[in-house]
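The values are calculated or read from the model by the stated rules, or taken from the named source; none is laboratory data. From a predicted model like this one, the values you see are computed outputs, not experimental measurements. Heads up, the Cβs are rebuilt from the backbone with ideal geometry, glycines too, and the neighbour counts pull from every protein chain shown. We work out accessible area using only protein heavy atoms, side chains counted, and drop any ligands, DNA or RNA first. Shrake-Rupley method; radii C 1.70, N 1.55, O 1.52, S 1.80 Å.
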There are 2 protein chains.
Amino acid sequence: MEIYPKSSKHYVAVDCIIFGYDILDKELKLLLYKRTFDPARGSLSLAGGFVNAKESLDEAACRILTKLTGLESVYMKQSYAYGDTDRDPGDRVISVSYFALIPVRDINKDLARQNGVSWYALSGLPKLIFDHNDMVRRALSELQTQIRIKPVGFELLPEKFTLVQLQDLYEAIYRRKVDRRNFRKKILSMGILEKLEEKEKETSKKGAYYYKFNQDTYLKLKQNGFYFNLDVN
Amino acid sequence: MEIYPKSSKHYVAVDCIIFGYDILDKELKLLLYKRTFDPARGSLSLAGGFVNAKESLDEAACRILTKLTGLESVYMKQSYAYGDTDRDPGDRVISVSYFALIPVRDINKDLARQNGVSWYALSGLPKLIFDHNDMVRRALSELQTQIRIKPVGFELLPEKFTLVQLQDLYEAIYRRKVDRRNFRKKILSMGILEKLEEKEKETSKKGAYYYKFNQDTYLKLKQNGFYFNLDVN
């Protein structure tokens, strides 16, 4: 039964901006694939696909992410709906972008290779198809705001990390240096990191203590009007 | 020519969460209309409509806002794309929500009446159709974050306002009291308000100085790494 018969229907796609981070080379990366169909065959693209009749937008984004990476439970957030009429030369397609945060090591490498996706460093990103560079730019800007006002940066790190590794992550996302003393002071003063007994000793003789993000403490503080705030220069 | 022939097409709508604020009764309001067609005829709804074949999402949202309010240049921001398959009982409709901020007095009252829209206080909001209450909840939560980290609250105020009026606005959006001394100290210390010579004398004998938001100063500060930050308890 057609209840809304006078309106136009549209193709709707989802595109996933899959951010990855590797604590060893300290670089923010993006999972991209070479398009194997027209238009723009052979060009680099975000991981995307059309939304089916019987699935929600979130389900479509999860389906695509899982298919390409093998990962099931990943931090993923809707970013923005792109609706310019001429954004896709193939036809009018409205696309809803999502961004996901995953530690690079968590990905199933064989599956990724088989699906033709691979990591590209965000610095010096090549031209992607359509408006995908805009999608990346907006998602990066959102990520920069998010890690300043919410504890989402930890999604990109292993469970235990040193303060240097945490600062490296912030610098990779902000794409600039951050004052070390100020950063440590601010992050520690929030009281949401738990210092472990264990030290990381691979990068220095003296070693650096590992820390863990304490989600429970954060949620309790938040309920009492606390704001995560990491304004660092 | 159909380039993507195997994919489903969907109805796509936009829904506008039009927030209004009146400095006199100090309440955040929402512009709603009574639906005049099935399904859910007679129920309260956000201002919305289907996206046409030849318009972008932004264009559709602006068209609807202008048609209902007579306003052309208004602060409007995309909020979220809602894509659950069963969200609209009429058919599968994907809806992209936008939120707009307008001072209540700016609206064309006759046009609003003619279009069947009117203001409803956000406190004690009735049940709206479909998932529109969720849309409002998310947009309010975004607005609460936005006014904390960006100078968007000024969009809801007249060009000149007193510090009390500014605090009233924050309290209406946060839906709680805010500490007066802390609020003044924080907002003034950012150096983005310009104190005028003129006083507002209607609410007190002594009068209170008017202030103006200085956009140029804000943009200059922002370029130098300054963050708008109004964490107030």
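Scan B:18, B:94 and give me the residue that is within 24 Å of the chain's Cα centre (by Cα), within 23 Å of residue B:174 (Cα to Cα) and assigned to a strand (DSSP E or B).
Working: B:94 fails: within 23 Å of residue B:174 (Cα to Cα).
Step by step, each of B:18, B:94 is checked, and only B:18 is within 24 Å of the chain's Cα centre (by Cα), within 23 Å of residue B:174 (Cα to Cα) and assigned to a strand (DSSP E or B).
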Residues of segment A:78-96 being closer than 15 Å to residue B:82 by Cβ and touching a residue at least 24 places away in the same chain (Cβ under 8 Å), in sequence order, are A:79, A:80, A:94, A:96
Go through (1) more than 12 Å from every other protein chain (Cβ to nearest Cβ); (2) more than 18 Å from the chain's Cα centre (by Cα) for residue A:12 and report which single condition fails.
(1)
Filter segment B:145-189 down to the residues that are within 15 Å of the chain's Cα centre (by Cα) and closer than 17 Å to residue B:227 by Cβ and list them by number.
B:145, B:146, B:147, B:148, B:150, B:151, B:152, B:153, B:154
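In the list A:139, A:208, which residue meets the criterion of being under 23 Å from residue B:222 (Cβ atoms) and crowded, with 16+ Cβ neighbours inside 10 Å?
Details: A:208 fails: under 23 Å from residue B:222 (Cβ atoms).
Answer to the check: A:139.
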Any residue that is of a type in the set (Val, Ile, Thr), open to solvent by less than 50 Å² (accessible area, probe 1.4 Å), under 21 Å from residue A:58 (Cβ atoms) and touching a helix residue (DSSP H, G or I) at 6+ places or on another chain (Cβ under 7 Å) - is there at least one of those in segment A:148-160?
yes
Candidates A:88, A:84 - the one that is surrounded by fewer than 21 Cβ atoms within 10 Å (Cβ to Cβ), in the same structural domain as residue A:43 (by TED's automatic domain parsing) and acidic (Asp, Glu)
A:84
Looking at segment B:212-230, which of the residues that are surrounded by fewer than 15 Cβ atoms within 10 Å (Cβ to Cβ) and at the interface with chain A (Cβ under 10 Å from one of its Cβ atoms) is modelled with the highest pLDDT?
B:224
When you scan segment B:117-233 for helices (runs of 4 or more DSSP H) that lie fully inside it, which ones turn up with 3 or more residues that are under 30 Å from residue B:65 (Cα atoms)?
B:132-149, B:163-174, B:215-223
What is the residue count in segment B:30-44 for residues that are free of Cβ contacts under 8 Å to residues at least 60 places away in the same chain and more than 14 Å from chain A (Cβ to nearest Cβ)?
1
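So, of the residues in segment B:69-81 that are open to solvent by less than 20 Å² (accessible area, probe 1.4 Å) and more than 8 Å from every other protein chain (Cβ to nearest Cβ), which turns out to be nearest to residue B:15 (Cα to Cα)? Walk me through it before giving the result.
Of segment B:69-81, the ones open to solvent by less than 20 Å² (accessible area, probe 1.4 Å) are B:69, B:78-79, B:81.
Filter once more, keeping what is more than 8 Å from every other protein chain (Cβ to nearest Cβ): B:69, B:79.
Details: B:69: 14, B:79: 10 Å.
Of everything passing the filter in segment B:69-81, B:79 is nearest to residue B:15 (Cα to Cα).
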